Amino acid sequence: MELSKYIKSTSVELQRSQIHFASYNPRRISDESKKTLKKGIKKFGLAGGIIVNKRTNYTIVSGHQRISVLDDLQKYDDETKENDYKIRVDLVDIDEKSEKELNILTNNPNAMGEWDLESLAALIPDIDYKDAGLTEADLSMIGCDYLFKTEEENDLNNALDDLMQDSLELHDKEVQARKEERQSQQREQIQKAQEIAKSEQADYDARVQHMKDVKAQVREKASEKAADMDAYVMLSFDTFKAKAAFMQRFGYNEYDKFIKGEVFSDQVERID
């Protein structure tokens, strides 16, 4: 069977020192996201092709962040070429204009699918969501109940359930024992046993209610923590120039990505 006519690349092995980053690459990655990517590569290896353009002296078209992580893992020095290593890439041969278009296309959300949140939520119990690069904020967005997903919270929840189960089993045994005892006692002793049972039942109910109160407090704190994750708002401008003017107006660096809400609130008059 012939290879599809739409396969325009060739899989080849190159030395890391042969390829170089595209100076125009518009994609950036935060330190936290890079840590997540590094963790994924260390666990699963480099999954997915690195695209390199032969015609522009082996410029990386797609895969800058993955190569950057590999450089860290291999301790590769781009200046001295120390610790050079071999890598498999998808090699294309296109002009510079097409190269830039492909660079944008391979990273453009408009050319990618979107999550089916219901299907994604169904996968969460079967995986380690952190190894998949998801955060608790992501789980909140897709509607997963993660309030007891941390080990500490999960252990506490299980411990409380165990205590309640032990109390229930103990209670059942005590009730049965009292029934057998009452059957062998005189009428006067039956009344006394009932009073003891009532006192013990009240104590048991108090213990169960206490454990329920503790669980409710844990859930409330976890809910407050989840709510705090939504304590942000985003501003959008039509152009960078408009954004820069806004930032300069209030004394911020035009390249800043985040503004502390409380600080900004003190700078503007409240509009009722």
Mean separation of Cα contacts under 8 Å (6+ apart) over length of region 1-84, as relative contact order %: 31
Residues with amide H under 5 Å from that of VAL61, placed H, sequence gap 5 or more: ILE51, VAL52, ASN53
FRET efficiency estimate (nearest 0.05) - Cβ-Cβ, HIS20 to PHE44, R0 22 angstrom: 0.30
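By how many nm would the segment from SER30 to TYR85 grow when fully extended, if each residue of separation counts as 0.36 nm and the alpha-carbon distance is taken off? It would help to have the intermediate numbers written out before the result.
Working: separation 55, 0.36 × 55 = 19.80 nm, distance 2.51 nm.
So the chain would gain 17.3 nm between SER30 and TYR85.
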Efficiency of FRET from Cβ geometry, VAL233 and ALA197, R₀ 51 Å, rounded to 0.05: 0.30
Among beta bridges that DSSP assigns inside region 1-153, antiparallel share in %, nearest 5: 70
Selected from ILE259, ILE190, ILE94 as most flexible by GNM, with the chain as the system and alpha-carbon contacts under 10 Å: ILE259
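Can you give the convex hull volume of the alpha carbon atoms of region 232-272 per residue, in Å³? Intermediate values should be presented prior to the final figure.
Values: hull volume 3.8 nm³, N = 41.
So the per-residue hull volume is 92 Å³.
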Qualifying lysines (Cα of each under 28 Å from Cα of LYS38; at least 8 residues distant if same chain): LYS54, LYS75, LYS81, LYS86, LYS100, LYS130, LYS149, LYS225, LYS257
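Please list 110-117, 16-23, 63-70, 237-244 highest first by mean number of surrounding beta-carbon atoms within 10 Å per residue. The partial results should precede the final answer.
Values: 110-117: 8.6, 16-23: 14.6, 63-70: 19.1, 237-244: 11.1.
With the highest mean Cβ count within 10 Å placed first, the list reads 63-70, 16-23, 237-244, 110-117.
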Under 28 Å from the Cα of LYS173 - lysines, other chains or at least 8 residues apart: LYS192, LYS198, LYS212, LYS215
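Looking at the square roots a ≥ b ≥ c of the eigenvalues of the Cα gyration tensor of region 10-113, which shape do they give, rounded for a/c under 1.5, prolate if a/b is larger than b/c, or oblate? Before the final figure, lay out the partial values.
On the way: a/c = 1.63, a/b = 1.12, b/c = 1.45.
Oblate.
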Computed label-point distance, nm, for sites LYS212 and GLN74 using a 7 Å Cα→Cβ extension: 6.2
Principal-axis tilt of helix 187-228 within the chain, Cα atoms, nearest 10 degrees: 20
In degrees, nearest ten, helix 31-44 long axis to first principal axis of the chain (Cα): 80
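To make sure I understand, if each residue's beta carbon is the centre and we count other beta carbons within 10 Å, what order do LEU235, LEU73 fall in, fewest to most? Show your work: numbers first, answer last.
Working: LEU235 8, LEU73 12.
Ascending Cβ contact count within 10 Å gives the list LEU235, LEU73.
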Rg to Rh, two decimals, where the chain supplies the alpha carbon set and Rh follows Kirkwood: 1.21
Among GLU96, GLU188, GLU200: highest mean-square fluctuation, GNM of the chain, C-alpha pairs under 10 Å: GLU188
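Each reported figure results from applying straightforward, stated rules to the coordinates on display, with no laboratory input. Please read these numbers as outputs of a predicted model, since none were measured by experiment. Don't worry about glycine lacking a Cβ; one is built from the backbone with ideal geometry, like all the others, and counts go over all protein chains shown.
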